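**Q** For reference, the structure I am asking about is given below.
Taken together, the values in this text are just the output of simple stated rules run on the coordinates, not laboratory data. Given the structure is predicted, the values throughout are model-derived calculations rather than measurements. With ideal geometry, Cβ positions are generated from the backbone for all residues, glycine too; neighbour counts draw on all protein chains shown.
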Amino acid sequence: MTILSHPSLNQLADTVRGRVSLPSDPEFAQAHLPWNLAVQQPVCAVVEAADADDIARLVRFADSHELSVATQPSGHGATGRAAGAILLRTTRLDTIEIDPAAMTARIGAGVRSGDLQRAAAEHGLTALPGSSPVVSVTGAALGGGLSWFSRSFGWIADSLLGADVVTADGATARITPDTDSELLWALRGGGGDLAIVTALEVRLRSAPSVYGGRQLWPAAHTREVTRAYRAMTASAPDALTLWLEFLHFPGSDPVIAIDSTYLGTEQDARELMRATELLPAPLSDTRATMSVADLGTITAEPTSPGPGLSRAELLTHLDDATLGALHDEPIAPLMSLQVRHLQGALARPSDSPHGPLTEPYAVYLFGVPASESMAEEITRKQARLAAALPASGRKPVTFLNPTEKLSDALAPTTIERLGTLKKVLDPRQVIRGNFGVLE
């Protein structure tokens, strides 16, 4: 991997107050890494900004030296498109202000989902958390974002009320429906290619009671479990979210799980999931009444970086042929195959680039490439499975992998609208998102 240099970068430390790491610095090797270590990211510098004004100074510096800035709060979603750019980390922008009466939160761009959940839970409230507590709220919202509670409240981005941004000319602005409805629309899931977000205002919801957890069975019971899953999702109320998980970790036997959350009582959740009571006894059942601050424990996703290869598809149905394609052969060399039940509020009108998500299910295929040959095997397996499934041909932005483009997620008219904004707001392409709206 070749790290690019630029003669002006030595002036960067005198321009910003935050920490600057250059390729010659010992900490650079760690500072520039993305979350997915399978992605190559040869950036020319890393800046951990001190605040929003620091980001404005950085953008003006980049513009004046014909450089670009790529923002990655935590490194999630990296695609390699940051190559040659100055990598901006917003981890120090971590303030959280909760207004319990208004049921809103104002958060810095570096705030992680788990941090917001803990702050909201103190007031009996919740944001819209995804499966991982270490993903930044801003990153998820800029990609639309799917949550445990999206069936009740829609995209994560649907809860975005306003944003503080730095534009490509280094100016700061507060974006609301009244000040710039077009840019706010774009920020609700159009990616991070139009402006650098420094803070968000998001709507919170009441969460007096949440019941959730994982039920786990040996793979020998796959057929019974998948049929029970399909039956439950066919009649699930919006408050109930069900994810089906095929899992095969190295050195262990394959298993199958149903992960669930319910915005309500244990009694009601168990009644709605009564189909699982008729299955063979699970290996484990972690379901319990829990705080919204603890939702990350359900799937227990890694909280430190590692390599991975992913592919996602949206499914138009889950009939017998689809279930057969999912479980008629082992998932190896994949580590996990997840099916998420969507619908509910996701299928309703949304003032966002993606719009309503009408497909009823999403499938996410993930493997860890321990070698180049295994990487090829994983990619082939993903392609075979995708070809056998009733895929709609599009996918959520946050589920795109580095080989894909925004046009794989968003409609042509949306891409054109975003492209028009990019040409107006950033004609010199100073700001570089993980996915480019003009590509």
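**Q** Taking the beta-carbon count within 10 Å as an exposure proxy, list Phe28, Phe399 from fewest neighbours to most.
**A** Phe28, Phe399
**Q** Gain in length, Glu271 to Asp99, computed as 0.36 nm per residue apart minus the alpha-carbon separation, to one decimal in nm?
**A** Taking Glu271 through Asp99 to full extension adds about 58.4 nm, to one decimal.
**Q** Give me the compactness ratio for region 210-399, meaning the Cα radius of gyration over 2.2 N^0.38 Å.
**A** So the Cα radius of gyration is 1.02 times the expected 2.2 N^0.38 Å.
**Q** Right, next: By the scheme Lys and Arg +1, Asp and Glu -1, what is the net charge of all other residues having a beta-carbon under 12 Å from that of Lys405?
**A** In short, -1.
**Q** Continuing with the same structure: Using a cut-off of 15 Å between beta-carbons, work out the net charge of the residues near Arg81 (Lys and Arg +1, Asp and Glu -1, Arg81 not included).
**A** Surrounding charge for Arg81 is -2.
**Q** Okay, moving on. Please state, rounded to one decimal and in Å, the Kirkwood hydrodynamic radius that region 7-89 gives when every pair of distinct Cα atoms enters the mean of 1/r.
**A** One over the average 1/r among Cα pairs gives 12.6 Å for region 7-89.
**Q** OK, next. Starting from the Cα of Lys422, draw a straight line to each of the aspartates and glutamates and keep only those under 12 Å, dropping any in the same chain fewer than 8 residues away.
**A** Reachable aspartates and glutamates: Glu182, Asp193, Glu439.
**Q** Output the Kirkwood hydrodynamic radius of region 295-435, Cα pairs only, in Å rounded to one decimal.
**A** 17.0 Å
**Q** Next question. Among Ser150, Ser68, which comes first, second and so on when ranked by fewest other beta-carbon atoms within 10 Å?
**A** If I rank by nearby Cβ atoms, fewest first, I get Ser68, Ser150.
**Q** For the chain, place one equal point scatterer on every Cα, skip the solvent, and apply the Debye formula. What is log10 of I(q)/I(0) at q = 0.13 Å⁻¹?
**A** Per q value, in the given order, log10 I(q)/I(0) is -1.17.
**Q** Along the charge dipole of the chain, pointing to its positive end and built from +1/-1 on Cβ of Lys, Arg, Asp and Glu, which listed residue (Cys44, Ala119, Val339) has its Cα farthest out?
**A** Of the options given, the answer is Val339.
**Q** If we count other beta carbons within 10 Å of each Cβ, what is the order of Phe149, Phe249, fewest first?
**A** Ascending Cβ contact count within 10 Å gives the list Phe249, Phe149.
**Q** When only alpha-carbon atoms are used, what values of Rg and Dmax, in angstrom, describe region 69-172?
**A** Taking only Cα atoms of region 69-172, I get Rg and Dmax of 14.1, 45 Å.
**Q** To the nearest 20 Debye, how big is the dipole of the chain about its Cα centre, given +1 on the beta carbon of each Lys and Arg and -1 on that of each Asp and Glu?
**A** It works out to roughly 340 debye.
**Q** Count charges around Ile98 for me, please; just the other residues with Cβ under 10 Å from its Cβ, Lys/Arg as +1, Asp/Glu as -1.
**A** Residues close to Ile98 contribute a combined charge of -2.
**Q** Can you compute the charge dipole magnitude of region 210-399 about its Cα centre, using +1 on each Lys and Arg Cβ and -1 on each Asp and Glu Cβ, nothing else charged? Give it in debye, rounded to the nearest 20.
**A** Once rounded to the nearest 20, the dipole reads 280 debye.
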